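The values are calculated or read from the model by the stated rules, or taken from the named source; none is laboratory data. From a predicted model like this one, the values you see are computed outputs, not experimental measurements. Here the Cβ positions follow ideal geometry from the backbone for every residue, glycine too, while neighbour counts run over all protein chains shown. Side chains are part of the model used for accessible areas, which takes the heavy atoms of the whole protein and leaves out ligands, DNA and RNA. Shrake-Rupley method; radii C 1.70, N 1.55, O 1.52, S 1.80 Å.
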Amino acid sequence: MKLEFHIHTNYSNDGFSKVPDLKKSLMKKGINIVAISDHNTLKGAVEAEKLFGDDVRVIKCEEIKTQEGEIIGLFLSEEIPPQLSIDETIKRIRDQGGLVCVPHPFDRMRKSKIHLDALYRIIDEIDIVEVSNARNIYPQDDKLALDFADKYGKLKICGTDAHTLFEIGHTYVELEDFKDSKEFINSLKDAKLHFKRSGIYVHFFTKGKKYYNLIIGNLYKNHKG
């Protein structure tokens, strides 16, 4: 099976991919399973699960902004609000039977990454480490994540972190089929990670989308006021 991990839809504030278009792109690239991980919402994953049917299986995930940086909850059924403590966020993931993944933990360019002290404090709660993120600019940052996962015996995964359709398909995980989170853990132990770095240009799209949303939001507030 081919799993594409850490995908964003237009339900993320910096995402462009509409769910129907995402389905077409995933099927075209031969992706069997997708982990949709929008920022602080499950709406994209819920819509995709309904629309994709048996064509592409959806793992409902959420990239959650905690008070100490971002973590991803996998196999969620309920949305978790942002800006909780990282410990409370993990508790809510666990209460749903979900898994905890740390995305891009050492990316020097991301202010949103998990705080270093928090990373080591929650070490026993981490199931998976994203050791390669296609949007990371510096390969050395991925190497730090790989070394961290090896040192602490954590499962490894690679993420596309796609915010646009044209990023899809070049980074994926090849693994045995699974039915639930426990089987997913077992499959991931022997998975093959296929990784290709996205060009730096992809960041201009997401930066532009954030600024656009900020401008539109301010115009709306001023108009409403």
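Computed over neighbours whose Cβ is under 13 Å from that of ASP124, the net charge equals 0, Lys and Arg +1, Asp and Glu -1.
3J(HN,Hα) along the stretch 4-18: 9, 9, 6, 10, 10, 10, 6, 6, 7, 5, 10, x, 10, 6, 6 Hz, from the Karplus curve 6.51 cos²θ - 1.76 cosθ + 1.60 with θ = phi - 60°, whole Hz, x for Gly and Pro. Using the Cα centre of the chain as origin and beta-carbon charges of +1 (Lys, Arg) and -1 (Asp, Glu), tell me which of LEU188, VAL46, GLY15 is placed farthest towards the positive end of the dipole. Checked the options; the winner is GLY15. Taking the Cα centre of the chain as reference, the dipole from Cβ charges on Lys and Arg (+1) and Asp and Glu (-1) amounts to some 860 debye.
The stretch between HIS170 and LYS91 holds 25.1 nm of extra length on full extension. This uses 0.36 nm per residue minus the Cα-Cα distance. Here is the tail figure for the stretch 80-163: Cα pairs spaced more than 22 Å apart come to 23 percent of all pairs.
Charged neighbours of HIS39, selected by a Cβ distance under 10 Å, balance to -4 (K, R count +1; D, E count -1). Each 5 Å bin from 0 upward holds the following percent of the Cα-Cα pairs of the stretch 18-100: 3, 17, 26, 21, 14, 11, 6, 2. Accessible surface computed residue by residue for the chain, with neighbouring protein chains in place and a 1.4 Å probe, gives 50 Å² per residue.
For the pair the stretch 105-139 / the stretch 27-92, the C-alpha centres are spaced 17 Å from each other. Taking each of LYS29/LYS156; LYS111/LYS143; LYS2/LYS111 in turn, the alpha-carbon distance tops 25 angstrom for LYS2/LYS111. Computed over protein heavy atoms with a 1.4 Å probe, the carbon and sulfur contribution to the accessible area of the chain reaches 53%.
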